[in-house]
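Quick notes on the structure that follows.
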Amino acid sequence: MSKSLRISIADDELDMRDYLARILPRLGHEVVSAAENGRQLVADSQRLSPDLVITDVRMPELDGLSAIREIRRDRPVPAIIISAQLDIELLQEPQTGPTLVLIKPISRQNLQEVIAGLMARDGTA
Amino acid sequence: MPKRPLRSESLHVLVVDDDEDTRANLRDLLELDHYRVQTAAGFAKGMEAIRASTESADEFDVLLVDRKLPDGNVEDWLPRLKQAATQAVFIVITAYADIEGVIAALQEGADDYLLKPFNPELLRKTLNRLIALKQAEQKAQQAQRLAAIGQMMTGLAHESRNALQRSMACLEMLEMEVGDKPEALDLVRRVRRAQEQLHQLLEEVRNYAAPLHLERTTSSLQGVWQEAWDQLSSHRQGRDAALVERVEGDSRCQIDRFRMGQVFRNIFENALAACHDPVRIEIDCSMASGDAQGGVRVLVRDNGPGLTPEQRRRVFEPFYTTKAKGTGLGMAIAQRIVETHGGAISVEVEGPGATFLIVLPG
């Protein structure tokens, strides 16, 4: 078991926020905030300084990639991007912090593996 | 539905002529060139033959029709005939003196005319030229339609995937709520299986609709099909299935390994589904004869029941399937991949099993 992380999540779909909020605690982590768009995610992250951000790409107000860029102006927080295949091109741009991409549809097992992989890379596991 | 492609082998010809000698003569000439020939003595009989061919999904590729018959003139019947045999090349047979009749027929949409008595060489050339033209036309139409379908499918697959993702997430949550009720858990498993099938379907549709970009390297085709066979080990588990390979010369060519692997996987998967044990899939690989650039020719033959004429004709049609499971996209994708490589894939008539021929440029 990797160490327990404080995680901020963002997805415009209630079902997905609900899912992440229920699954992540079972993987031993704490969801400290759940945002409906990128703007909220930026605010949450600045306020709560999570260990990890998990976000959808396409969201109203501010998309997930722009949100991560904004958050990382303060610090290179690790991020997991949950993406649809169509967004692959958007993901080509270089990232300024530890980043992994999960292609939809995701499952609990995907999440577990990716979180472990990312945090091992970040050296905080 | 996509129009079926004209094939070079065994094209279907209808000869409509009231003169018995002309019918026999044309039949001999055409059968020598491996056309499948049917004849009719009048327009009404010809229409019957066309309807029957449509019903049995074995449409005519060529109509050779006399200009003047006891039951009418070709220009009167032509619109009806063309409407019934939409895929066919239409050639009017006429006597030298009948130039007005030829003009009328061409104005009604005949593709060309032939003069009696027949010059076999001219007949052959005219048919080859018109069929090539028709094939090019159909290919262009197919490409256009695919591009339009592709855009729609990509959008649909994307939106569906989002909805599927949500339903999968909710099911996972439901599973946690259900706890240890065996009947409820069984239902959860069944819903999950259906979701996985839907996911696979969306992936295949997306795969088929997405633009194909090849990453070519010089690779041994033998290595590619062996890898494809290895990847199907789970399909072969508990079965008596073997690959019998004969490679003559060099099987290397400029290919996208991953994509060509997909071609062989799809063929093998179909063979494994169709054949009873012991499954034997023979691969015959040789240098393509007469190809100065060193093309490669691969025959893949299984020992299953083979394909019916209808299956042979429709096997590359998207969404055509005879399997209980599957999208019917496997062979359509295979054809697209091979053709994008500048090659060709066809299904051979020789039996008893299913035989596919792949020709790739060197």
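The values are calculated or read from the model by the stated rules, or taken from the named source; none is laboratory data. Given the structure is predicted, the values throughout are model-derived calculations rather than measurements. Every residue, glycine as well, gets a Cβ built from its backbone with ideal geometry; the counts of neighbours run over all protein chains shown. Heavy atoms of the whole protein, side chains included, go into the accessibility calculation; ligands, DNA and RNA do not. Shrake-Rupley method; radii C 1.70, N 1.55, O 1.52, S 1.80 Å.
Data overview
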item: Residue check for B:Leu198: touching a residue at least 12 places away in the same chain (Cβ under 8 Å), in a helix (DSSP H, G or I), over 37 Å from the mean Cα position of the chain (by Cα) and within 14 Å of another protein chain (Cβ to nearest Cβ); result: no
item: Residues within segment B:300-317 that are in a loop (DSSP other than H, G, I, E, B) and either buried (at least 16 other Cβ atoms within 10 Å of the Cβ) or modelled with pLDDT of 85 or more (or both), tallied; result: 9
item: Which listed residue is within 14 Å of chain B (Cβ to nearest Cβ), assigned to a strand (DSSP E or B) and in contact (Cβ under 8 Å) with a residue 40 or more places away in the chain, from A:Ile23, A:Ile9; result: A:Ile9
item: Matching residues, segment A:65-86, being more than 13 Å from A:Leu100 (Cα to Cα), within 14 Å of chain B (Cβ to nearest Cβ) and touching a Lys or Arg at 6+ places or on another chain (Cβ under 8 Å); result: A:Ala84, A:Gln85
item: Subset of segment B:54-85 (residues that are of a type in the set (S, T, N, Q) and in contact with a helix residue (DSSP H, G or I) (Cβ under 9 Å, 6 or more places away or on another chain)); result: B:Thr54, B:Ser56, B:Asn73
item: So B:Gln83, is it under 26 Å from the mean Cα position of the chain (by Cα), within 14 Å of another protein chain (Cβ to nearest Cβ) and either open to solvent by 80 Å² or more (accessible area, probe 1.4 Å) or over 30 Å from B:Ile333 (Cβ atoms) (or both); result: no
item: Residue that is modelled with the highest pLDDT, among those in segment B:221-245 that are loosely packed, with under 13 Cβ neighbours inside 10 Å and part of a helix (DSSP H, G or I); result: B:Asp230
item: B:Ser251 vs. criteria surrounded by fewer than 20 Cβ atoms within 10 Å (Cβ to Cβ) and either on the phi > 0 side of the Ramachandran plot or among the polar types (S, T, N, Q) (or both); result: no
item: Of the criteria (1) closer than 30 Å to B:Val298 by Cβ; (2) part of a helix (DSSP H, G or I), which one B:Leu212 fails; result: (2)
item: Qualifying residue in segment A:65-82 (condition: on the phi > 0 side of the Ramachandran plot, open to solvent by 10 Å² or more (accessible area, probe 1.4 Å) and at pLDDT 90 or above); result: no
item: Of all residues making up segment B:125-145, the number that are among the aliphatic types (A, V, I, L, M) and either open to solvent by 50 Å² or more (accessible area, probe 1.4 Å) or within 13 Å of another protein chain (Cβ to nearest Cβ) (or both); result: 5
item: Residue within segment B:113-133 that is within 23 Å of B:Val13 (Cβ to Cβ) and touching a Lys or Arg at 6+ places or on another chain (Cβ under 7 Å) present; result: no
item: Unique match (being hydroxyl-bearing (Ser, Thr, Tyr) and either farther than 23 Å from B:Leu133 by Cβ or crowded, with 16+ Cβ neighbours inside 10 Å (or both)) among B:Ser53, B:Ser10; result: B:Ser53
item: Residue selected from segment B:150-186 under the condition open to solvent by 90 Å² or more (accessible area, probe 1.4 Å) and over 19 Å from A:Met59 (Cα atoms), by the criterion nearest to the other protein chains (Cβ to nearest Cβ); result: B:Glu177
item: For B:Val102: the one exception among (1) open to solvent by less than 20 Å² (accessible area, probe 1.4 Å); (2) touching an Asp or Glu at 6+ places or on another chain (Cβ under 9 Å); result: (2)
item: Residue that is in the same structural domain as B:Pro318 (by TED's automatic domain parsing), touching a residue at least 60 places away in the same chain (Cβ under 8 Å) and more than 28 Å from A:Ile82 (Cβ to Cβ), where the choices are B:Gln222, B:Gln226; result: B:Gln222
item: Members of segment B:105-124 that are small (Gly, Ala, Ser) and either open to solvent by 80 Å² or more (accessible area, probe 1.4 Å) or more than 30 Å from the chain's Cα centre (by Cα) (or both); result: B:Ala105
item: Residue that is nearest to the chain's Cα centre (by Cα), among those in segment B:65-80 that are buried (at least 19 other Cβ atoms within 10 Å of the Cβ) and among the charged types (D, E, K, R); result: B:Asp66
